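Nothing in this text is a laboratory measurement; each read-out follows from the coordinates by a stated rule. What you see is a predicted model; the values in this text were computed from it and never measured. Every residue, glycine among them, receives a Cβ derived from its backbone with ideal geometry; neighbour counts consider all protein chains shown.
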Amino acid sequence: MNKTLLTQKGFDKLSLELATLKEKKDHLITQIEEVAQPDESGEDGLATQLKEELEVVNDKIDDLEQALDAPQIITEKSGKISSVTVGCTVKIRVSGRQEKQFSIVSNMESDPTQNMISDKSPLGLALMGKKINDEVEVDAPVGKITYKIVSIS
């Protein structure tokens, strides 16, 4: 079984999400029991909807429990980092113009809105193992985009 690579912050966030989902599951079960008194026409539509929501919650709980079962916590690295790995922050220059900074994380904690990209995303895969001043090309909907690694921390 592959261990899930997580930062400590990601582990804490996923643990909190798991606890919240378990509370939601208990609440949904209570709601289903309250509305599951079928009338003459069969089961209530609300009960069906609640059961579908419970199934989604249970699937997410299973995913989180599996990821949190035996994760490998990535500690912050001190000193010089020679190549891109999960847990590092990479500053890149896009097509020789603007610079962007991303944290490379596992797919369980990726959040593009927070500049946290998965090591399994197209850009994350292209950057893994690369060094400062390396250039990578990534296929995007607008065509190939070239990224140059400016710094790794």
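Within segment 5-74, the percentage of alpha carbon pairs spaced more than 18 angstrom apart rounds to 49%.
Once segment 89-152 is represented by equal point scatterers at the alpha-carbon sites, with solvent omitted, what log10 I(q)/I(0) does the Debye formula produce at q = 0.14, 0.15, 0.22 Å⁻¹? Reported log10 I(q)/I(0), two decimals: -0.35, -0.40, -0.89. For segment 5-74, relative contact order (Cα pairs under 8 Å, six or more residues apart, normalised by length) works out to 55 percent. Think of segment 5-74 as a dipole: +1 on every Lys or Arg Cβ, -1 on every Asp or Glu Cβ, centred on the Cα centre; then among V35, G10, A47, G10 lies furthest on the positive end.
Axis of helix 8-35 versus longest Cα principal axis of the chain: the two differ by about 20°, to the nearest ten degrees.
Once the Cα atoms are used to define both axes, helix 45-69 deviates from the longest principal axis of the chain by about 40 degrees. Residues whose amide H comes within less than 5 Å of that of L5, counting only those at least five positions distant or on another chain, are Q72 (H built at 1.01 Å from N in the peptide plane). The largest-to-smallest principal axis extents of the Cα set in the chain are 71, 36, 26 Å.
Computed from phi, the 3J(HN,Hα) profile of segment 120-133 under the Karplus parametrisation 6.51, -1.76, 1.60 (θ = phi - 60°) reads 9, 6, x, 5, x, 4, 5, 7, 3, x, 7, 10, 4, 6 Hz, with x in place of Gly and Pro. Overall, the chain carries a charge dipole of about 1880 debye about its Cα centre when +1 sits on the Cβ of Lys and Arg and -1 on the Cβ of Asp and Glu, all other atoms neutral.
Residues whose amide H falls under 5 Å from that of V86, counting only those 5 or more places apart or on a different chain, are absent, with hydrogens built in the peptide plane. For K131, the lysines whose Cα falls under 26 Å of its own Cα, not counting residues fewer than eight places away in the same chain, are K3, K9, K77, K80, K91, K100, K120, K144, K148. The calculated FRET efficiency for V35 paired with S15, based on their beta-carbon distance and R0 = 35 Å, is about 0.65.
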